[in-house]
Amino acid sequence: MTLEEAMQGMKNPSRKKKLGGCIILGCIILIIVLAVVISQVTKKGKQNVNGFDKDFSITWAKNHTRISHHGERLELILDAESGSGFKSNDLFLFGSIKMDIKLVPADSAGTVTAYYLYSPTDHHDELDFEFLGNSSGQPYILQTNVFANGTGEREQRINLWFDPTTDYHTYGVLWNRRQILFLVDDLPIRVFTNNEDMGMPFLNQQPMNIFSSIWNGDKWATQGGRVKIDWTHAPFIASYQNYNLDACIATDAYAPCAMPSANKWWDQEEYQALSAAQQDKLRWVEENYMVYNYCTDVKRNPTTPFECTRNSGGFLGLGSLH
Ligand SMILES: *[C@@H]1O[C@H](CO)[C@@H](O)[C@H](O)[C@H]1NC(C)=O
Ligand SMILES: *[C@@H]1O[C@H](CO)[C@@H](O)[C@H](O)[C@H]1NC(C)=O
Ligand SMILES: *[C@@H]1O[C@H](CO)[C@@H](O)[C@H](O)[C@H]1NC(C)=O
């Protein structure tokens, strides 16, 4: 029976045609159910997006925050009285975390807008984006860092290839058992691979909350601390919208997220290492935008930390993933 006949059967119900119609309808429902199940397992999508007022909590100075647009936008405000901050209500272990951020415009010298994942534990894990403000017209620096089991000191700094204060841009991590990508508008700016085979802890056991805050960092942030905050230009405002937490929510028992089941999209093979195209893009960032890398700071690290060869796009002569 064709679909047309089946439709006919539904319009002009004879016993036989009606039965056929039911079978077709049953098939269609089954296909829809299967499609939904498959897409949940393998596809990406908007996840855990219920509004800043529901998915996040203000952790510092509610009176210096604003939630608007029916929960779709959040602003953090820094002035001489206080900075402010928020964190996700859920803890996450693996997945894709993204947030659109527009940074403090014009004179942002001395301000730091931090956006990071952090595990509330003794030997904590942490993935950092820190945006270091600057005088009007001077470039922001984006500093990233990785802490694994309490050990960090892996700072990298880049300039951006756009002005991060005029529009929202997407800052995110793609995190699975094999590697962690730091992404800016989906372009990899940093990779941190699993080096457990070389005895280094990886971020695979401690669920993390998402945090963000704005604060006075003028002791060190801008041009090495030489440029201080000009409070006559306050308030300094960072804006957030359009987050997507397509990641495994870890409740008290985080085992389900940690289980090596290959049924989450971020565990698929294509996400276990940089693609050649991603490798090229990372190399482009290193070549054109990187202004500091702990890997090549011979004062701090007379011998190159071993993980650096694996975590490079290839430009710095440290070797590469391919
Ligand atoms: C705003 O909150 C901060 C931090 O909780 C507090 O120090 C400050 O006094 C508050 N300001 C006002 C005007 O209520
Ligand atoms: C994490 O650090 C603590 C304290 O140094 C240590 O006891 C523990 O074995 C470490 N865990 C891993 C997985 O390396
Ligand atoms: C600020 O601008 C100066 C001058 O262009 C530059 O050297 C510095 O890297 C910029 N960023 C920060 C955070 O200091």
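When the test is whether a residue is in the same structural domain as TYR140 (by TED's automatic domain parsing), at pLDDT 95 or above and within 16 Å of ligand 3 (Cβ to nearest atom), ALA61 does not pass it. Checked against the criterion of being within 16 Å of ligand 1 (Cβ to nearest atom) and under 22 Å from the mean Cα position of the chain (by Cα), the candidates ILE237, ILE249 yield just one match: ILE237. Scan segment 51-66 for residues that are assigned to a strand (DSSP E or B) and within 16 Å of ligand 1 (Cβ to nearest atom) and the total you get is 6.
What are the residues in segment 114-133 that are acidic (Asp, Glu), touching a Phe, Trp or Tyr at 6+ places or on another chain (Cβ under 7 Å) and not in a strand (DSSP E or B), if any? Passing the criteria: only ASP125.
For SER68, indicate whether it is surrounded by fewer than 18 Cβ atoms within 10 Å (Cβ to Cβ) and modelled with pLDDT of 95 or more. Answer is yes for this residue.
Across segment 282-303, the qualifying residues are those that are β-branched (Val, Ile, Thr) and more than 13 Å from GLU155 (Cβ to Cβ), and the one among them that is farthest from ligand 3 (Cβ to nearest atom) is THR303.
Does ASP100 count as closer than 18 Å to THR59 by Cα, in the same structural domain as ASN159 (by TED's automatic domain parsing), acidic (Asp, Glu) and touching a residue at least 24 places away in the same chain (Cβ under 8 Å)? In short, no. Return the pair list, or none, for Cβ contacts closer than 8 Å from residues in segment 126-137 that are more than 12 Å from SER213 (Cβ to Cβ) and assigned by TED's automatic domain parsing to the domain that holds ASP163 to residues that are among the aromatic types (Phe, Trp, Tyr) and within 10 Å of ligand 3 (Cβ to nearest atom), at least 6 apart or on different chains. Pairs found: LEU132/TYR140; GLY133/TYR140; ASN134/TYR140. From the list ALA221, ALA238, the lone residue that is closer than 26 Å to GLU286 by Cα and within 16 Å of ligand 3 (Cβ to nearest atom) is ALA221. Within segment 116-134, does at least one residue satisfy the condition of being closer than 18 Å to THR170 by Cβ, touching an Asp or Glu at 6+ places or on another chain (Cβ under 9 Å), buried (at least 22 other Cβ atoms within 10 Å of the Cβ) and not acidic (Asp, Glu)? Looking for residues that are closer than 18 Å to THR170 by Cβ, touching an Asp or Glu at 6+ places or on another chain (Cβ under 9 Å), buried (at least 22 other Cβ atoms within 10 Å of the Cβ) and not acidic (Asp, Glu), one finds at least one in segment 116-134, hence yes. Looking across segment 33-58 at every residue that is modelled with pLDDT under 65 and of a type in the set (Val, Ile, Thr), the one that is farthest from ligand 3 (Cβ to nearest atom) is identified as VAL33.
Scoring TYR168 on the criteria (1) away from ligand 3 (no atom under 16 Å from the Cβ); (2) over 18 Å from LYS102 (Cβ atoms); (3) surrounded by fewer than 20 Cβ atoms within 10 Å (Cβ to Cβ); (4) touching a residue at least 40 places away in the same chain (Cβ under 8 Å) leaves a single failure, condition (2).
The set of residues from segment 155-197 being farther than 16 Å from PHE94 by Cα and within 16 Å of ligand 2 (Cβ to nearest atom) comprises ASN195, GLU196, ASP197. On the stretch given as segment 210-268, residues that are buried (at least 16 other Cβ atoms within 10 Å of the Cβ) and under 21 Å from VAL173 (Cα atoms) total 24. Filtering segment 100-113 to residues that are buried (at least 21 other Cβ atoms within 10 Å of the Cβ) and part of a strand (DSSP E or B) leaves ILE101, THR111, VAL112, THR113.
Of the strands (runs of 3 or more DSSP E) lying entirely inside segment 178-293, the ones with 1 or more residues being under 20 Å from MET99 (Cβ atoms) and touching a residue at least 60 places away in the same chain (Cβ under 8 Å) are found at 179-184, 187-193, 209-216, 236-250.
The values are calculated or read from the model by the stated rules, or taken from the named source; none is laboratory data. Keep in mind the model is a prediction, meaning the values are calculated, not measured. In this analysis, Cβ positions are derived from the backbone assuming ideal geometry, glycine residues included, and neighbour counts consider all displayed protein chains.
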